[in-house]
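Student: I have a structure here, written as structure tokens, and I will follow up with some questions on it.
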Amino acid sequence: MIRSIRNVHRLLKIARILARHDALFPLEYLDVAPAVVACARWFSRRDAEGRPGQRLARALNEAGPSFIKLGQALATRSDLLGEELSGDLSDLQDRLPPFPGSQARAAIEAEFDEAMEDMFSSFDDEPVAAASIAQVHFAVTSDGREVAVKVLRPEIEEAFARDLDLLNWGAGLIERARPDLKRLKPREVVGTLAATVELEMDLRFEAAAAAELGENFADDEDFVVPEVDWGRTGQRVMTTERIHGISLDDRAAIEAAGHEPLEITTKAARATFKQVFRDGFFHADVHPGNLFVTEEGRIAAVDFGIMGRLDVRTRRILGEMLLAFLTRDYRRAAEIHFEAGWVPEHRSVDAFTQACRSIAEPILDKPQNEISIARLLGQLFQVTETFQMETQPQLLLLQKTMLVAEGTARKLSPEANMWLLARPLIEEWIADTLGPEARIRGAVEGLTEAIDKLPRMLDGLEETSTMISSGRVRLHPDTINQLRRDTGSGGMTPALLLGAVILLVVLVLTKLG
């Protein structure tokens, strides 16, 4: 009861902010708190400027850090909000006024229980970036290395815990009041947001993400990740190598530095493809403020608070689906959704094929430099209601990342398409992952896994046999008689059957080798 009262009060405050920006429409659509919405309408401004999505973005920015994150998450939900609204939310900037440098210094000293002078020879009190969760200061370590120091905002954990409780409570209301929206998995979406925020508020996780991404590209000549200073990294403070470079969308400065924009775009496209398909671990906050071009012409990434992961199965499904769309094989594109279990079996494959065609043709008929794979995915998600297609949260973050990456690439090289630039990698990956040799390797891996399990199976059979002979497990008389008949008539006992399986596996592996 106390939780509900607290959250109703908090929801009313948020509704009043939405009303001041004439952005009450999300709550009106959800229809989960009509009394709260009715009260908030007294504060509504019908003369607020901009499209609905722009007004909502301004309202969420005023509501605070948690709602900025919520807006960025909603930017991926074109299936729920529509393309224009989600596109406007994509422009929601995670920027807030900075907190004083003195508080940052105090937080660093408290984190390491050490004086600033012993850790840094200089520290800039004015931050170079201030976002909803943390801000970044440039500094020089006591041993003379230039670094970037990220520090969490004071009391940010308490603020997020309060707001996430409200969002989780609201997701429960939505599922109870609107059963038709359960397929959109509101609780799961809030859970994903909560997990993301939890990771962002422990900077050791971000440091680990940076280190993992750096290892993945350790031998790459075109993409670089700043090295983590683990000795100056803790839960509330992260220190990394400082990156010097030009923002990825600053075409004029890139050209002035002697770099060819098309070549830089190609490097960025290849790096994106490798992260998503090769590694299944990708930077999911790729706005131009986080990507730079170094003096050597390499792409450098910073800010690893939001990362995405795709398992091997999802990558294979996604790769085959994109290949089907790009070759206009819409029947295959539809079948992949059914095989993956994303569309219920009782739906019509023919009707979904027609839907895939209706989505893809207007996009694929555009000039090559205007083709947007992210927009294709976004529109595909919009047909979820018609076909009862389950939302795939792991792809929503990818779709948003692809949308931002495409926009940045288009600013840098308007004449190019980043996916076509990465085509050699795509073709190679498809051959390695989806071709005949890959299927044979998959079969071998499956057989190898089965062989690895055989000792446990044998142990289990031996233990079961012992239990039966000792009387601890009693078999039905019909079962005993059948086993006697099988053994007496030359049938296979469990041990002989297992031996046959082992022999078959060995023969198959020998044949494949």
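The values are calculated or read from the model by the stated rules, or taken from the named source; none is laboratory data. Only a predicted model underlies this, so the values are computations on that prediction, with no experimental measurement involved. Note that each Cβ is placed from the backbone with ideal geometry, even for glycine, and that neighbours are counted across all protein chains shown.
Student: Within the bounds of region 318-329, is there any residue that is out of contact with any strand residue (DSSP E or B) (no Cβ under 8 Å at 6 or more places or on another chain), surrounded by 17 or more Cβ atoms within 10 Å (Cβ to Cβ) and modelled with pLDDT of 90 or more?
Tutor: To start, the set of residues in region 318-329 that are out of contact with any strand residue (DSSP E or B) (no Cβ under 8 Å at 6 or more places or on another chain) comprises 318-329.
Now restrict to residues that are surrounded by 17 or more Cβ atoms within 10 Å (Cβ to Cβ): 318-326.
Remaining after also requiring modelled with pLDDT of 90 or more: none.
No: region 318-329 contains no residue that is out of contact with any strand residue (DSSP E or B) (no Cβ under 8 Å at 6 or more places or on another chain), surrounded by 17 or more Cβ atoms within 10 Å (Cβ to Cβ) and modelled with pLDDT of 90 or more.
Student: While we're here: Hand me the list of strands (runs of 3 or more DSSP E) wholly inside region 113-220 holding 2 or more residues that are among the aliphatic types (A, V, I, L, M).
Tutor: Details: elements: 120-123, 134-141, 146-152.
The strands (runs of 3 or more DSSP E) meeting that bar are 134-141, 146-152.
Student: Could you please give the count of residues in region 154-176 that are farther than 20 Å from residue 2 by Cα, within 24 Å of the chain's Cα centre (by Cα) and modelled with pLDDT of 85 or more?
Tutor: In the first step, residues of region 154-176 are kept if they are farther than 20 Å from residue 2 by Cα; the result is 154-157, 175.
Going one step further and asking which of them are within 24 Å of the chain's Cα centre (by Cα), we end up with 156-157, 175.
So of that shortlist, the ones also modelled with pLDDT of 85 or more come out as 156-157.
Counting residues in region 154-176 that are farther than 20 Å from residue 2 by Cα, within 24 Å of the chain's Cα centre (by Cα) and modelled with pLDDT of 85 or more gives 2.
Student: Hey, any hits in region 364-376 for a residue that's loosely packed, with under 15 Cβ neighbours inside 10 Å and touching a helix residue (DSSP H, G or I) at 6+ places or on another chain (Cβ under 7 Å)?
Tutor: yes
Student: Residues that are touching a strand residue (DSSP E or B) at 6+ places or on another chain (Cβ under 7 Å) and at pLDDT below 85: does region 371-393 have at least one? Talk me through it step by step, then tell me what you get.
Tutor: Here is the first cut: in region 371-393, the ones touching a strand residue (DSSP E or B) at 6+ places or on another chain (Cβ under 7 Å) are none.
Within region 371-393, none of the residues are touching a strand residue (DSSP E or B) at 6+ places or on another chain (Cβ under 7 Å) and at pLDDT below 85.
Student: Same structure again: Anything in region 221-239 that is more than 23 Å from the chain's Cα centre (by Cα), crowded, with 18+ Cβ neighbours inside 10 Å and not in a loop (DSSP other than H, G, I, E, B)? List them, or say none.
Tutor: 232, 237, 239
Student: In addition: Just for region 400-426: of the residues that are among the hydrophobic types (A, V, I, L, M, F, W, C) and assigned to a loop (DSSP other than H, G, I, E, B), which one is nearest to residue 180 (Cα to Cα)? Lay out the reasoning, then the answer.
Tutor: Narrowing region 400-426 to residues among the hydrophobic types (A, V, I, L, M, F, W, C): 402-405, 409, 412, 416, 418-422, 425-426.
Restricting the remaining residues to those that are assigned to a loop (DSSP other than H, G, I, E, B) gives 416, 422.
Numbers: 416: 41, 422: 40 Å.
Here the answer is 422.
Student: While we're on this one: In this structure, does residue 199 turn out to be modelled with pLDDT of 85 or more and either assigned by TED's automatic domain parsing to the domain that holds residue 68 or under 30 Å from residue 137 (Cα atoms) (or both)?
Tutor: Numbers: modelled with pLDDT of 85 or more: no; either assigned by TED's automatic domain parsing to the domain that holds residue 68 or under 30 Å from residue 137 (Cα atoms) (or both): yes.
The answer is no for residue 199.
Student: Only one of (1) surrounded by 15 or more Cβ atoms within 10 Å (Cβ to Cβ); (2) over 30 Å from residue 359 (Cβ atoms) is not met by residue 75, so which one is it?
Tutor: (2)
Student: With 314, 353, 386 as the choices, which residue is under 22 Å from the mean Cα position of the chain (by Cα) and hydroxyl-bearing (Ser, Thr, Tyr)?
Tutor: Working: 353 fails: under 22 Å from the mean Cα position of the chain (by Cα); 386 fails: under 22 Å from the mean Cα position of the chain (by Cα).
The match here is 314.
Student: Also: Restricting the search to region 242-267, which residues are among the acidic types (Asp, Glu), out of contact with any Pro (no Cβ under 7 Å at 6 or more places or on another chain) and not in a loop (DSSP other than H, G, I, E, B)? Show your work before the answer.
Tutor: Pass one, region 242-267, residues among the acidic types (Asp, Glu): 249-250, 255, 260, 263.
In the following step, the residues that additionally are out of contact with any Pro (no Cβ under 7 Å at 6 or more places or on another chain) were identified as 250, 260, 263.
Within region 242-267, 263 is the sole residue that qualifies.
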